[in-house]
1. Counting just the residues of region 185-199 that are in contact with a helix residue (DSSP H, G or I) (Cβ under 6 Å, 6 or more places away or on another chain) and touching a residue at least 24 places away in the same chain (Cβ under 8 Å), which one comes out nearest to residue 220 (Cα to Cα)?
2. Among the residues of region 121-143, are any in contact with a strand residue (DSSP E or B) (Cβ under 8 Å, 6 or more places away or on another chain) and closer than 27 Å to residue 188 by Cα?
3. One residue is enough: does region 115-126 have a residue meeting the conditions more than 18 Å from residue 208 (Cα to Cα), assigned by TED's automatic domain parsing to the domain that holds residue 208, loosely packed, with under 15 Cβ neighbours inside 10 Å and modelled with pLDDT of 90 or more?
4. Read through the list (1) surrounded by fewer than 14 Cβ atoms within 10 Å (Cβ to Cβ); (2) in the same structural domain as residue 18 (by TED's automatic domain parsing), then give the number of the only condition that residue 129 fails.
5. Would you mind telling me which numbered condition in (1) within 23 Å of the chain's Cα centre (by Cα); (2) within 22 Å of residue 355 (Cα to Cα); (3) at pLDDT 95 or above residue 257 fails?
6. If I go through region 279-331 residue by residue, how many of them are in a strand (DSSP E or B) and either under 19 Å from residue 257 (Cβ atoms) or not assigned by TED's automatic domain parsing to the domain that holds residue 370 (or both)?
7. Given the condition within 30 Å of residue 18 (Cα to Cα), part of a loop (DSSP other than H, G, I, E, B) and modelled with pLDDT under 90, answer yes or no: does some residue in region 99-113 qualify?
8. Quick one: in region 268-278, of everything that is in a helix (DSSP H, G or I) and touching a strand residue (DSSP E or B) at 6+ places or on another chain (Cβ under 7 Å), which residue is farthest from residue 409 (Cα to Cα)?
């Protein structure tokens, strides 16, 4: 009874931790208080404002380590006798130099699956305001190429496995007859992409689970890819323009012209909505570009492109009446999702061509970055900050770029009558 009185009054924090004593220890009004057992050194109970928890504490390699045994209370929580028995075992390990905390963390790390790790990484992407499109792309890569790994513990996936899978992905994509775009570069790109997604998920999990070893992708020899993102040669632009104008599908034809006159990335361009297009003010709002909503920006449109878009809107009403999309299609999403046409450069190459033309007509480098939504330097560059706030007239820059493109597109008109259109030069991959 004397011990219980001491506990209730808070006079002593060294008691014999029987169940009766633990039950009588009052909760604190604020903060925590620690009570140590007088018979088993290193065994104690931490009391807070709402819960009591049994703990053990001992020195391991010169450092004091405290570990929670469990919450005190009725089952499934811990009673004092069971907590004492568990404490005896844990303290014996700690006396031998074994850290039970590290063992516990290692066990947790051994159990985490790729799917569970993905959920953690997905939360990180959302916290970083990555777009839904970016998050979906990561998942698609994992689900398509590493589906049989999703419910395996990460620690079961070793270096040999990732090296073999990396090579197999490249081979399977390259030889898949159902894949219209199969090629060596496409297969190797898919392999690199899947393993980079895997590495990102693993590294995020490793931040949370210190018992997880380094990512096994260290054993991968990454494919060196040289995607064709270079600008279309100016001598080829007239021939390319002729091909674009000859595309029978007007929506796809105008999409390529949109690429040319804006330099926009494909994913943002194909999903442009009429609600974001102000034809009167010649302005386009891009709400969710690469980088997510925090990278949203407004893009001035040239007079020539506005003319194209007005005609596109009228044409859309004939076949896609009421569609919210500038480039509608009979697809699940309701808009064009693919922009590949033989003999026509990709959106990446149009982006490079757009930037090349901007350079040729003397557009300020900072204005160029604003037009294509590249990040401005964040190095304390006062000039960059000034340009970002008031800037060169972006509309004037846009008109100059469009005028230069139209000049290059019209180059074939001065050629001899009856002369053949020169084919777009193709480069082979090595």
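The values are calculated or read from the model by the stated rules, or taken from the named source; none is laboratory data. These numbers come from a predicted model, not from an experiment. Here the Cβ is made from the backbone with ideal geometry for all residues, glycine too, and neighbour counts use every protein chain on show.
1. Of everything passing the filter in region 185-199, 195 is nearest to residue 220 (Cα to Cα).
2. Scanning region 121-143, I find no residue that is in contact with a strand residue (DSSP E or B) (Cβ under 8 Å, 6 or more places away or on another chain) and closer than 27 Å to residue 188 by Cα, so the answer is no.
3. No, there is no match, as no residue in region 115-126 is more than 18 Å from residue 208 (Cα to Cα), assigned by TED's automatic domain parsing to the domain that holds residue 208, loosely packed, with under 15 Cβ neighbours inside 10 Å and modelled with pLDDT of 90 or more.
4. The number of the failed condition is (2).
5. (1)
6. 7
7. yes
8. Of everything passing the filter in region 268-278, 276 is farthest from residue 409 (Cα to Cα).
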